[in-house]
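A.B. asks: So that we are looking at the same thing, I have put the structure below in structure tokens.
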């Protein structure tokens, strides 16, 4: 309808662009599926004994770079959930803001299994690169399979996933000998539905029909939502750390070239190799030719895996937020958890 009065040249150009886009999307989706299938074969070869396949449980802490396989993971951030939550929502709470809990998931399609990091409002230090890298770092140490080569897929959210600090982190893992090869691919814009969304959907279904009073109830909801879903708390409700958050951005600023990855939004594939430490191979499409970019300021920089950035201490809930929860939300919490979720603040009312 929109092309009725357009010149024929313009119509032809639009059709060509659409066909090129469809071809690109198909190539990237096929590449994603192939990575998942290859990962299934790798795990079957690694953990099949006789006729049964026995995959280690989450939290096995398999040493990094300990098996000669390539494993595929996908990661994404879900929309936050709130608690307390009631399937029969009381009318007055509709216009209020209960306590928040963000969710970050890392999925291994080959098992399948997804570790869902639950970030309580009091433990949240933001959704930027530091948070995502810190949770990925924790996942690879505690829930990974100790692979020598790893392949990641993510969406194109620049503030969280597609940023230079995440690329510096993968370079750091190669330099510290924790992987031989790392590849990360980003799905085309508008076509980013993948395995983590499937697990988030199962989680949200159970969340909507379950009465939730505290953070422990969300853990129970995640674990009972489906076989692939597992919960991992980032911090307790009092703000104490379980998964440490590191200041990776500040750490990498002093060792890397700031403008090395200029135009990162136009790139979709990044590859790091121990044969070329400190460098990254990039390309836009899977069929394009790679080009090499140096990321290190000084080629003599070879960090040790215990050389970690400074830990970020969460600020916790603000005074205003504490009083808001106490005054507005406490009445909707079950009696036994009211003093845990919405305790009376010790600071004077602002």
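The values are calculated or read from the model by the stated rules, or taken from the named source; none is laboratory data. Since the model is a prediction, treat every value here as computed from it, not as a measurement. Methodologically, a virtual Cβ is constructed for each residue, glycine included, from the backbone with ideal geometry; neighbour enumeration extends over all protein chains shown.
A.B. asks: If a residue must be crowded, with 17+ Cβ neighbours inside 10 Å and assigned to a strand (DSSP E or B), how many such residues does segment 275-291 contain?
C.D. replies: 3
A.B. asks: Let me spell it out: the conditions are (1) under 14 Å from residue 168 (Cβ atoms); (2) part of a helix (DSSP H, G or I); (3) modelled with pLDDT of 95 or more, and residue 325 meets all of them except one. Which number is the exception?
C.D. replies: (1)
A.B. asks: Does residue 230 meet the test of being touching a strand residue (DSSP E or B) at 6+ places or on another chain (Cβ under 8 Å) and farther than 28 Å from residue 64 by Cβ?
C.D. replies: Working: touching a strand residue (DSSP E or B) at 6+ places or on another chain (Cβ under 8 Å): yes; farther than 28 Å from residue 64 by Cβ: no.
So residue 230 does not fit the description; no.
A.B. asks: Take residue 343 and tell me if it is surrounded by fewer than 16 Cβ atoms within 10 Å (Cβ to Cβ), free of Cβ contacts under 8 Å to residues at least 40 places away in the same chain and assigned to a loop (DSSP other than H, G, I, E, B). Show your work before the answer.
C.D. replies: Working: surrounded by fewer than 16 Cβ atoms within 10 Å (Cβ to Cβ): yes; free of Cβ contacts under 8 Å to residues at least 40 places away in the same chain: yes; assigned to a loop (DSSP other than H, G, I, E, B): yes.
Spelling it out, residue 343 is indeed surrounded by fewer than 16 Cβ atoms within 10 Å (Cβ to Cβ), free of Cβ contacts under 8 Å to residues at least 40 places away in the same chain and assigned to a loop (DSSP other than H, G, I, E, B).
A.B. asks: If we keep just the residues of segment 45-57 that are in contact (Cβ under 8 Å) with a residue 12 or more places away in the chain and either surrounded by 18 or more Cβ atoms within 10 Å (Cβ to Cβ) or more than 25 Å from the chain's Cα centre (by Cα) (or both), which is nearest to residue 212 (Cα to Cα)? Outline the logic, then answer.
C.D. replies: From segment 45-57, those in contact (Cβ under 8 Å) with a residue 12 or more places away in the chain are 45-46, 55-56; that's our starting set.
Next, from what is left, pick out any that are either surrounded by 18 or more Cβ atoms within 10 Å (Cβ to Cβ) or more than 25 Å from the chain's Cα centre (by Cα) (or both): 45-46.
Details: 45: 41, 46: 39 Å.
Filtering segment 45-57 for residues that are in contact (Cβ under 8 Å) with a residue 12 or more places away in the chain and either surrounded by 18 or more Cβ atoms within 10 Å (Cβ to Cβ) or more than 25 Å from the chain's Cα centre (by Cα) (or both), the one nearest to residue 212 (Cα to Cα) comes out as 46.
A.B. asks: Now, a different point. Run down 258, 262 and say which single residue is farther than 29 Å from residue 124 by Cβ, modelled with pLDDT under 95 and assigned to a loop (DSSP other than H, G, I, E, B).
C.D. replies: On the way: 258 fails: farther than 29 Å from residue 124 by Cβ.
Within the list 258, 262, the selection yields 262.
A.B. asks: So in segment 304-322, with the set limited to residues that are in a loop (DSSP other than H, G, I, E, B) and surrounded by 15 or more Cβ atoms within 10 Å (Cβ to Cβ), which one is farthest from the chain's Cα centre (by Cα)?
C.D. replies: Looking at residues that are in a loop (DSSP other than H, G, I, E, B) and surrounded by 15 or more Cβ atoms within 10 Å (Cβ to Cβ), I get 317.
A.B. asks: Would you say residue 272 is farther than 29 Å from residue 126 by Cβ and not in a loop (DSSP other than H, G, I, E, B)? Don't jump to the end; show me each part of the working.
C.D. replies: Details: farther than 29 Å from residue 126 by Cβ: no; not in a loop (DSSP other than H, G, I, E, B): yes.
In short, no.
A.B. asks: Additional query: What about residue 336, is it touching a residue at least 24 places away in the same chain (Cβ under 8 Å), more than 27 Å from the chain's Cα centre (by Cα), within 17 Å of residue 83 (Cβ to Cβ) and outside any loop (DSSP other than H, G, I, E, B)? If you could, list the steps in order and put the result at the bottom.
C.D. replies: Values: touching a residue at least 24 places away in the same chain (Cβ under 8 Å): yes; more than 27 Å from the chain's Cα centre (by Cα): yes; within 17 Å of residue 83 (Cβ to Cβ): yes; outside any loop (DSSP other than H, G, I, E, B): yes.
Here the answer is yes, as residue 336 does meet what is asked.
A.B. asks: Which of the residues spanning segment 109-136 are under 22 Å from residue 42 (Cα atoms) and within 12 Å of the chain's Cα centre (by Cα)? First the steps, then the outcome.
C.D. replies: As a first pass, look at segment 109-136 and keep what is under 22 Å from residue 42 (Cα atoms): 109-115, 136.
Residues satisfying the conditions are 114, 115, 136.
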